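Undergrad: This is the structure I want to talk about, given as structure tokens.
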Amino acid sequence: MSEKIRVLVLGTGKMGSGIARLLLQKEGIELVALFARRAERAGIDAGRVLGLDHELGITISNELSTVIAQCRPDIAIQATCSLIEDAAAEIRTLLQHGVSVISTAEEMAFPAAASSVVADELHQLAIKHNAAVLGTGINPGFVLDLLVIALTGVCADIRSISASRINDLSPYGHSVLTTQGVGLSPNAFRQGVADGSVVGHVGFVQSAHMIAAALGWELERIEEKREPIISTVHRETPLVTVEPGQVAGCHHTAVAYRQGRAVITLDHPQQIQPQLEGVATGDSITIEGSPDIHLSGSPEIPGGEGTCALVVNMIPRVLNAAPGLTTMAELPVPAAMLGDARMLVHGRLKP
């Protein structure tokens, strides 16, 4: 059998560390390196950062080109940022070395929606260097787009699509809680929305365009709205305390229009400890068409755990993909990778 699939992970935060730990459990895969943006992580053994009880003999690096040359990865998983403008430089470097990429950056799920110029540049660069690029995660990448698209496959016609994801922010880190406005006053929340420090969910535009592209729809515009979820009870996590009257999260909605009508409505209220207000988490999709479809489940599909699993499970599909940018809607459906990963890969592994 061929050598193991060599994987480089970019990012040593909660997401990057979770992905790296999962890779260590997978047959046919070798975690060959970790890259960190944080300078203080350089030179530390990866086992310490991943919370393991032993060292891995893998030293974390801040020098991406150097670590690529040293470890010769087949594919890299990028878990360092959310926006295409922040992700592009690392992706360029990886592609120039012929390394395929799976990115958890939300805007990379359908990158042309954020920047058609950068998306085209990355697409051409990937083709030139015989590599593939995919952006994915639990959302965008699965719940509010790929799962929706799959359900439309049994419809002869569609009038409108509505999808909702109610989730608990409690397991997330400082950066997510900050961008959701958790702990702010209602006035500070609205000021944060105005100045861009409170962004809510990143990815609605990508999900709407992915759905529309799959259906052959052309969207006219997408309208987004962010409102504070104000707590009436005391809530507390290891990272933040919210008192009554303060913001526990962000209720973010997006509505996409086609031919003057709202055709895609995406709803994503996120807050810490929603159960304290009697709110159950869950995911729900409703399609009005021929036939009508409704699918829902509670509790929510776990965001962090689900994203880690999804990006790892997509490794063979990206290695098998044609060179260039791709989306979840263009690749074979994801499935749990429970056997030897090498058995699922048909080409593009380095000799």
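The values are calculated or read from the model by the stated rules, or taken from the named source; none is laboratory data. Remember, predicted model here, so these are calculated numbers, not experimental data. No Cβ is skipped: glycine too gets one built from the backbone with ideal geometry, and neighbour counts run over all protein chains shown. What goes into the accessible areas is simple: the full protein's heavy atoms, side chains included, and nothing from ligands, DNA or RNA. Shrake-Rupley method; radii C 1.70, N 1.55, O 1.52, S 1.80 Å.
Undergrad: When the dipole is taken about the Cα centre of the stretch 142-278, and only Lys, Arg (+1) and Asp, Glu (-1) are charged at their Cβ, what size is it in debye, to the nearest 20? Intermediate results must be reported in sequence, preceding the final value.
TA: On the way: 9 positive and 13 negative charges, 38 e Å.
Computed about the Cα centre, the dipole is about 180 debye.
Undergrad: Determine which residues of the stretch 141-175 fall in the zone a paramagnetic label at GLU288 would reach in this model, i.e. backbone nitrogen under 14 Å from the point 7 Å along Cα→Cβ.
TA: Residues 158-163 qualify, since their backbone N sits under 14 Å from the label point.
Undergrad: Let me ask another. Please give every one of the aspartates and glutamates within straight-line cross-link reach of LYS225, meaning a C-alpha to C-alpha distance under 20 Å, and leave out same-chain neighbours fewer than 8 residues apart.
TA: Answer for LYS225, where 20 Å is the Cα cut-off: GLU106, GLU107, ASP145, ASP168, ASP195, ASP267, ASP283, listed by chain and number.
Undergrad: How long is the gain from THR237 to THR66 if the chain were fully straight, where each residue apart is worth 0.36 nm and the alpha carbon distance is subtracted? Could you put the intermediate results ahead of the total?
TA: On the way: separation 171, 0.36 × 171 = 61.56 nm, distance 3.89 nm.
Gain on extension, THR237 to THR66, equals 57.7 nm.
Undergrad: In nm, give the distance between the simple-model label positions of GLN191 and ARG92, each being 7 Å from the Cα along the Cα-to-Cβ direction.
TA: It is 3.6 nm.
Undergrad: Would you calculate the separation in nanometres between label points at GLU27 and SER298, each defined as 7 Å from the Cα along the Cα-to-beta-carbon direction?
TA: Placing both labels 7 Å beyond Cα along the Cβ direction yields 3.9 nm.
Undergrad: Could you tell me the center-to-center distance, by alpha carbons, between the stretch 111-155 and the stretch 257-311 in angstrom?
TA: 20 Å
Undergrad: When all C-alpha to C-alpha distances in the stretch 236-347 are sorted into bins of 5 Å, what percent of pairs does each bin hold, rounded to whole numbers?
TA: Taking every Cα pair in the stretch 236-347, the percentages come to 2, 8, 12, 14, 15, 14, 14, 11, 7, 2, 1, 0.
Undergrad: Moving to a separate point now. Under a cut-off of 19 Å between alpha-carbon atoms, report the aspartates and glutamates in cross-link reach of LYS4, not counting same-chain residues fewer than 8 places apart.
TA: List returned: GLU27, GLU30, ASP74, ASP340.
Undergrad: Using +1 on the beta carbon of Lys and Arg, -1 on that of Asp and Glu, and nothing else charged, what's the dipole of the stretch 247-329 about the Cα centre, debye to 20?
TA: Working: 3 positive and 7 negative charges, 76 e Å.
For the stretch 247-329, the charge dipole is close to 360 debye.
Undergrad: In degrees, nearest 10, range 0 to 90: what is the angle between the Cα axis of helix 303-313 and the longest Cα principal axis of the chain?
TA: Relative to the chain, helix 303-313 is tipped by roughly 40 degrees.
Undergrad: Another question, then. Positive end of the charge dipole of the stretch 108-263 (Lys, Arg +1 and Asp, Glu -1 on Cβ, about the Cα centre): tell me which of ALA213, VAL133, LEU151 has its Cα farthest that way.
TA: Value computed over the given set: LEU151.
Undergrad: Could you look at the stretch 1-82 and say what percent of its accessible area is carbon and sulfur, using a 1.4 Å probe and all protein chains? Could the numbers behind the result be given before it?
TA: Numbers: 1640 of 3720 Å².
With neighbouring chains kept in place, the figure for the stretch 1-82 is 44 percent.
Undergrad: Give, as a single signed number, the net charge of other residues whose beta carbon lies under 13 Å from the beta carbon of GLU85, with Lys and Arg counted +1 and Asp and Glu -1. It would help to have the intermediate numbers written out before the result.
TA: On the way: positive: ARG92; negative: ASP86, GLU90, GLU106, GLU107, GLU121.
Value of the local net charge: -4.
Undergrad: May I pose another question? For the chain, what is the accessible area per residue in Å² when the probe is 1.4 Å?
TA: Values: 15050 Å² over 351 residues.
For the chain, the per-residue accessible area is 43 Å².
Undergrad: If the reach is capped at under 13 angstrom between alpha carbons, list the aspartates and glutamates near LYS14, excluding any in the same chain fewer than eight residues apart.
TA: Output for LYS14: GLU305.
Undergrad: Leaving ligands, DNA and RNA out of it, report the carbon-plus-sulfur percent of the accessible area of the stretch 286-326 at a 1.4 Å probe.
TA: Values: 920 of 1640 Å².
C and S atoms contribute 56 percent here.
Undergrad: Choose one answer from PRO228, PRO291, PRO73: the residue with the largest mean-square fluctuation in a GNM of the chain with alpha-carbon springs under 10 Å.
TA: Result: PRO291 has the largest fluctuation of those listed.
Undergrad: In addition: Pick out, in residue order, every one of the GluC sites (Glu not before Pro) in the stretch 141-247 that is DSSP loop and has at most 12 other C-beta atoms within 10 Å; say none if there are none. Kindly include the intermediate steps, with their values, before the conclusion.
TA: Values: sites: GLU218, GLU220, GLU223, GLU224, GLU236; in loops: GLU218, GLU220.
Within the stretch 141-247, the qualifying GluC sites (Glu not before Pro) (loop, at most 12 other Cβ atoms within 10 Å) are GLU218, GLU220.
Undergrad: Taking only Cα atoms, what is the 0 to 90° angle, nearest 10, from helix 116-128's long axis to the longest principal axis of the chain?
TA: 20 degrees
Undergrad: With a 10 Å cut-off between alpha carbons and a GNM built on the chain, which of ILE102, ILE91, ILE222 moves the most?
TA: Maximum fluctuation in the GNM of the chain, among the listed residues, is at ILE222.
Undergrad: Assigning unit charges at the beta carbon (Lys, Arg +1; Asp, Glu -1) and nothing else, what dipole magnitude in debye, to the nearest 20, does the chain show about its Cα centre? Before the final figure, lay out the partial values.
TA: On the way: 25 positive and 36 negative charges, 133 e Å.
Dipole of the chain, to the nearest 20 debye: 640 debye.
Undergrad: How far, in degrees from 0 to 90, does helix 204-215 lean away from the longest principal axis of the Cα atoms of the chain, to the nearest 10?
TA: 80 degrees
Undergrad: Testing the spin-label approximation: label points 7 Å from Cα along Cα→Cβ at ALA39 and HIS129. State their distance in nm.
TA: Placing both labels 7 Å beyond Cα along the Cβ direction yields 2.6 nm.
Undergrad: Given the options GLY13, GLY304, GLY216, state which has the largest fluctuation in a GNM of the chain using a 10 Å cut-off (strictly under) for Cα springs.
TA: In this elastic network of the chain, the residue with the biggest mean-square fluctuation among GLY13, GLY304, GLY216 is GLY216.
Undergrad: Let me ask another. Sequence gap at least 6, Cα distance under 8 Å: using those rules, report the relative contact order of the chain to the nearest whole percent. Show your work: numbers first, answer last.
TA: Details: 776 pairs, mean separation 69.2, N = 351.
Worked out over the chain, it gives 20 percent.
Undergrad: Could you tell me which label, among (1) 20.3, 61; (2) 35.3, 117; (3) 20.9, 68, carries the value of Rg and Dmax of the Cα atoms in Å calculated for this structure?
TA: (1)
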